[in-house]
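Read through the structure below, which is laid out as structure tokens, and then see the notes.
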Amino acid sequence: MAASQTSNGTTLRHAFGNVLSFFILILIGVLAFSIRLFSVIKYESVIHEFDPYFNYRVTQFLTKNGIYDFWNWFDDRTWYPLGRVIGGTVYPGLTLTAGSLWWFLNSLNIPLSVETICVFTAPIFSAFTSWATYLLTREVKGAGAGLTAAALIAMVPSYISRSVAGSYDNEAVVLGTLLAALVPVVGFNAVMTSEHFASFLVFIIIHVVAFVYYIKGILSPKMFKVAVTLVVSIGLLVCLAVVAVLVALVASSPTKGWSGRSLSLLDPTYASKYIPIIASVSEHQPPTWPSYFMDINVLAFLVPAGIIACFSPLSDASSFVILYIVTSVYFSGVMVRLMLVLAPAACILSGIALSEAFDIFTRSIKFQLPGLPGPPQVDAGETSSESTIPQNEVPKTKTDKSADTLKERPSRKNRKKEKEPVEKPSIKSQIEKRLLVLPFEGSVLAIFLLVLLGAFYVVHCVWAAAEAYSAPSIVLTSQSHDGLHVFDDFREAYAWLSHNTEVDDKVASWWDYGYQTTAMANRTVIVDNNTWNNTHIATVGTAMSSPEKAAWEIFNSLDVKYVLVVFGGLVGYPSDDINKFLWMVRIGGGVFPHIKEPDYLRDGQYRIDNQATPTMLNSLMYKLCYYRFVDTDGKGFDRVRRTEIGKKYFKLTHFEEVFTTHHWMVRLYKLKPPKNRIRGKTKKSKAKSSSTSSAKKSGTKRNPWH
Amino acid sequence: MEALRSLGQLVLALSIFSHLSLLAYSSSTQDLQIISAERRIDLTSHIVKVFLTLKVENPGTSPVSEVLLAFPPTQVDHLASLKAAITVGKKKKKSYVPLEVNPTELPDAPNGAKSFTISLLNPLNAGETATLEVLYILTHSLEPFPEEISQSESQLVYYRDSAIILSPYYIKQQTTFIRTPSTRVESFTRVESTDRAGSEIKYGPYKDRSTYSYSPIIVHFENNNPFAVVEELVREIEVSHWGNLQITEHYKLAHAGARHKGIFSRVEYQSRPHAGGVSSFKHLLARLPPRVHSVYYRDEIGNISSSHLRTDYLRSDLEIEPRYPLFGGWKATFVIGYGLPLEDFLFESPDGRRYLNFTFGCPLAETVVDKLTVKVVLPEGSKDPSAVVPFSVEQHLETKYSYLDVAGRTVVVLEKRNVVPEHNSHFQVYYTFNPIFMLAEPLMLVSTFFFVFMASVAYLHIDFSICKSS
């Protein structure tokens, strides 16, 4: 009778734990979604940064023109005059997901705009990610660890930084739907790049295994053997042929089919040595120690404990997790961007560590509590944490986690037949656990400290989500004594471009602003953030670093009508074009050797004050940024470089200012038509004609397009 | 070159009109005559307002019930609004009674002059006189000259009209006053007895002018008022019987003055606001109804942060700035949206139908709307819509699908060209609606969730595995 009662109680407890963990998972999903809405509440519902604008534009195209046009899309509004085959070079997972979400909602007559869908895709998928983490961790160490890991990943700053509302990028979605983004529906680009081979192989193997099990089920054993030999022998032949072709293909390319970015993963110095364009992106730099603390916070200290927990006992699943953390720690050390890969691994291991620690400490407390009868607990198989609730001030989340552990174990054992019967090891472990009992006071203190640690983590995550990662980077704000001040200069310039220039005008800017210009201003750009053609970018870099006339000729040969520069010197916006200028020089000089970096540096120092080199002061970038800057305050004091500029009064002869935004952050110049130039020349005396023609000759020599 | 051409046109027009006026002597109907006429032309903004006071006498024998007004064809194309009223009572008890005005065709009108008929309340008997007040508004009638100006230049415009009032009647005495925004008048056509004092130019008094007399004049003057023209405005008014009226307005704004040429220097614009951008404008004022809530101001790339809302019991003032100052020829698009309490605008008529009572025109002050589309989205299930508008508009019906609609919502679409602030009068849309339809969408949601839960309960009780685990 007693036995039946306890079994009854266990099933009830299982059901209760099931429901509870279901609701906790829903709450974790809500948490993951809502912690990412700070950007919408503090700023507005808008697409963030650079790459998301491209994805947004692609999604708009997809929803407007349908999937077939999307696959065949040749975009002539970027990389002028080359264009870009979007359909074949884009990873369609993200856009197809958001596009079908939009299509689904609209077919239900819920008229949400594409922009709204794109803004909220990332938070939705981070909720999915935390659920996926729960499933993965549950396989490793049970439901308790799973729930802890899910709660941790729901608010890990590293992932928040990539998935706040508005960060409509692959990275935000890729953790949740790894397969969707990698399955190359189109785009032989993805197939032809070697780094994706491994993920492909895994994908194929999973399907083959599933297929074999299915066949095994429907055929008799004898038939199955025949079939296997047949398939294997044919398959091997085909595989060999395919491998031979692939090896030949891969070997024929100079980098063995690996892109520069991936090569710099294997050799961290590769990019800075050979490809400045990859090194110029701050995301591709190795991270600093503070960034680890910023991005995964206390998880960094919990991970070693989690690794130890995975070794006792070591199973297939836990060894997978260990391998995962080791590789991801290496990759995150190479590129800041890959901190994102580390985050889920760290969360899983910290979840394991936390849940194991809670497990041990609460058990120690329970065994030492007076008045608790021993034998019934041995009957129950394992410790029942529910009995401790009324007596202890144990945190609530912990109790149901162990309840889930209880529930989960039998079911997994049922699946894995090779495991021993239930009763024996539990009694054995019971005895072991009695030996592992820790002192009562120590356990209480440790639990208190762990809770404190968790609280610290939560506070840090909320702070990171609200303050550090919520800014959309196209709108800037500053808090001054007279309230909030908004700098909306980027959109001011893009709106001006889109309404007051011709539809087919070409706009030249550094590649950072390419995606935004095509998406927000709807104008053709020369280069954009898809940095696929280094020569083209180098041409723009060369033009920016050349003197006015040579730059005019380069831009004119590219059909450029407007030049856009970003200038932060008036309001102190540090990531402007003057600070990026050395990269333009480097990238330009890498292809056109007449641009030499030392010409722009005075004694190895980059400066724009009166010590700056003449090449620097005569470069187009300097002139376009500082044109009439001195008229603002009379001195020309640059607030980013904290110095007075070197050359204050100068005129532009080949460019004219057509628009400057309110805070001078974006300045737009128009190329003067060549007619004026000729008229000016003829006005001058004919005696000078020989000198002008020679100047022109030298100019053409410099122009890489002639 | 341009000046020469317009001068040529002027001379041509002069000769034609003087010729025609001679011809017209004999043919026109002489049933009325105007004893005195006074015309005041207000050129202070880009919307030209003309106030015309006519004292009409019936010298004939039979009573007359209609008074005719004539306009040159160039003015008729730009005529946005024409209103007439008759003065009733003497001095202190004077009041105005509005009269009906309709376009007509006069077979004997010279040179394509267009006519309008004012229908009097009571026929004018022989020998009686009446005083009529006429207000008409012209848009796009100030032609910038020079057509292109640089940032610091101020904007000069031409206004063309006739020194003598064009009329199918004999006018005994008339005077025309033209008011310019500033004292800076580059030139004006001098005909006999022309006078200028400050910002006012006076033509007349002229005596005993025959029918269809015309004497072209040009005034060239400075006008730096914002030439704010909304090229296209779509106002969507969505009625929700849950208590909200949601208005969304899509604007395509342009500066219709002299085109900006050459550079735009932010230094000039910021350091010397008056000299460095005198013809540009930046501020717009939208007058919204009181009790407005959830106001937003954005464009296709997101929120525009430069706006202020002031509310009081009588009205709400929304001050907005486009993303950038507008110079001549520059354009901007934006959206204003706001919600209003439904009980202020939706009423029940005595016959049991409901009607929405809302303002028609554009809420922006001092703007011309070239094409205005008003869409009234009625709730799903409403029937027999009909619109009552105090002036002529094009009407048709559409269907719109919004949140969880099955049958779609009826949309009454009203279209009108050349809309000025005088069109901000109320219009009504009548329809019938059964309140039971309000429950359709909540019930639909409830049943959907019910079926989802039922399906998941069923799913948990069915085994879907392909191969049985042994």
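The values are calculated or read from the model by the stated rules, or taken from the named source; none is laboratory data. The shown structure was predicted, so the numbers you read here are calculated from the model rather than taken from an experiment. Using ideal geometry, Cβ is built from the backbone for each residue, glycine included, and neighbour counts are taken over all protein chains shown.
Against the definition (away from every other protein chain (no Cβ under 14 Å) and crowded, with 24+ Cβ neighbours inside 10 Å), how does A:S161 come out, yes or no? No.
Taking the range A:471-513 as the range and being modelled with pLDDT of 90 or more, away from chain B (no Cβ under 13 Å) and in a helix (DSSP H, G or I) as the test, only A:Y513 passes. Do we find that B:F427 is modelled with pLDDT of 90 or more and more than 14 Å from every other protein chain (Cβ to nearest Cβ) in this structure? The answer is yes for B:F427.
Restricting attention to the range A:635-658, the residues that are within 12 Å of chain B (Cβ to nearest Cβ) and touching a residue at least 24 places away in the same chain (Cβ under 8 Å) add up to 4. Determine, yes or no, whether B:P107 is closer than 29 Å to B:A228 by Cα, exposed (fewer than 15 other Cβ atoms within 10 Å of the Cβ) and without any contact (Cβ under 8 Å) to a residue 60 or more places away in the chain. Considered against the rule, which asks whether it is closer than 29 Å to B:A228 by Cα, exposed (fewer than 15 other Cβ atoms within 10 Å of the Cβ) and without any contact (Cβ under 8 Å) to a residue 60 or more places away in the chain, B:P107 comes out as no. Can you spot a residue in the range B:287-299 that is in the same structural domain as B:R235 (by TED's automatic domain parsing), surrounded by 18 or more Cβ atoms within 10 Å (Cβ to Cβ) and farther than 20 Å from B:E236 by Cβ? Looking for residues that are in the same structural domain as B:R235 (by TED's automatic domain parsing), surrounded by 18 or more Cβ atoms within 10 Å (Cβ to Cβ) and farther than 20 Å from B:E236 by Cβ, one finds none in the range B:287-299, hence no.
Does A:T632 qualify as being away from chain B (no Cβ under 13 Å) and surrounded by fewer than 20 Cβ atoms within 10 Å (Cβ to Cβ)? When the stated conditions are applied, A:T632 does not pass them.
The sole residue among A:L108, A:L112, A:L136, A:L147 that is assigned by the TED database to the domain that holds A:V19 and touching an Asp or Glu at 6+ places or on another chain (Cβ under 9 Å) is A:L147.
With respect to the conditions (1) surrounded by fewer than 22 Cβ atoms within 10 Å (Cβ to Cβ); (2) at pLDDT 90 or above; (3) under 26 Å from the mean Cα position of the chain (by Cα); (4) not β-branched (V, I, T), B:F221 falls short on a single one, namely (1). Consider the range B:172-186 and keep the residues that are under 11 Å from B:R196 (Cα atoms) and not hydroxyl-bearing (S, T, Y). The one that is modelled with the lowest pLDDT is B:V185. Any idea how many residues of the range B:290-319 are in contact with a Leu (Cβ under 8 Å, 6 or more places away or on another chain), within 14 Å of another protein chain (Cβ to nearest Cβ) and under 30 Å from B:S150 (Cβ atoms)? Looking only at that region, the number is 1.
Restricting attention to the range A:89-110, does a residue exist that is within 24 Å of A:Y68 (Cα to Cα), hydroxyl-bearing (S, T, Y) and not in a helix (DSSP H, G or I)? Within the range A:89-110 (the criterion being within 24 Å of A:Y68 (Cα to Cα), hydroxyl-bearing (S, T, Y) and not in a helix (DSSP H, G or I)), the answer is yes, since at least one residue qualifies.
Considering the conditions (1) at pLDDT 90 or above; (2) of a type outside the set (D, E, K, R); (3) over 21 Å from the mean Cα position of the chain (by Cα), A:G83 is excluded by exactly one of them, (1). When B:E348 is tested against the conditions (1) within 12 Å of another protein chain (Cβ to nearest Cβ); (2) over 25 Å from the mean Cα position of the chain (by Cα), the lone failure is (1). Restricting attention to the range B:276-305, the residues that are among the β-branched types (V, I, T) and at pLDDT 90 or above add up to 2. With the requirement that a residue be charged (D, E, K, R) and either modelled with pLDDT under 85 or more than 24 Å from A:S509 (Cα to Cα) (or both), what does the range A:610-646 give you? If the condition is that a residue be charged (D, E, K, R) and either modelled with pLDDT under 85 or more than 24 Å from A:S509 (Cα to Cα) (or both), then A:D631, A:D633, A:K635, A:R642, A:E644 are the ones that fit.
Looking across the range A:607-629, just one residue is within 14 Å of another protein chain (Cβ to nearest Cβ) and either among the basic types (K, R) or surrounded by fewer than 20 Cβ atoms within 10 Å (Cβ to Cβ) (or both), and that is A:R628. Of the residues contained in the range B:431-438, one or more are found to be surrounded by 15 or more Cβ atoms within 10 Å (Cβ to Cβ), within 30 Å of the chain's Cα centre (by Cα) and not acidic (D, E). Within the range B:275-320, take every residue that is part of a loop (DSSP other than H, G, I, E, B) and free of Cβ contacts under 8 Å to residues at least 12 places away in the same chain and give me the one that is farthest from A:S113 (Cα to Cα). Across the range B:275-320, the extreme among qualifying residues is B:S305.
Listed here are the residues, each with its yes/no results for (1) modelled with pLDDT of 85 or more; (2) over 17 Å from B:L54 (Cβ atoms); (3) assigned to a strand (DSSP E or B).
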residue	(1), (2), (3)
B:K92	no, yes, no
B:P98	yes, no, yes
B:P103	yes, yes, yes
B:Y159	yes, yes, yes
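Answer yes or no: is there a residue in the range B:256-274 that is in a strand (DSSP E or B) and either in contact with a Lys or Arg (Cβ under 7 Å, 6 or more places away or on another chain) or buried (at least 19 other Cβ atoms within 10 Å of the Cβ) (or both). Yes, some residue in the range B:256-274 is in a strand (DSSP E or B) and either in contact with a Lys or Arg (Cβ under 7 Å, 6 or more places away or on another chain) or buried (at least 19 other Cβ atoms within 10 Å of the Cβ) (or both). Restricting attention to the range B:320-345, the residues that are aromatic (F, W, Y) and within 11 Å of chain A (Cβ to nearest Cβ) total 4.
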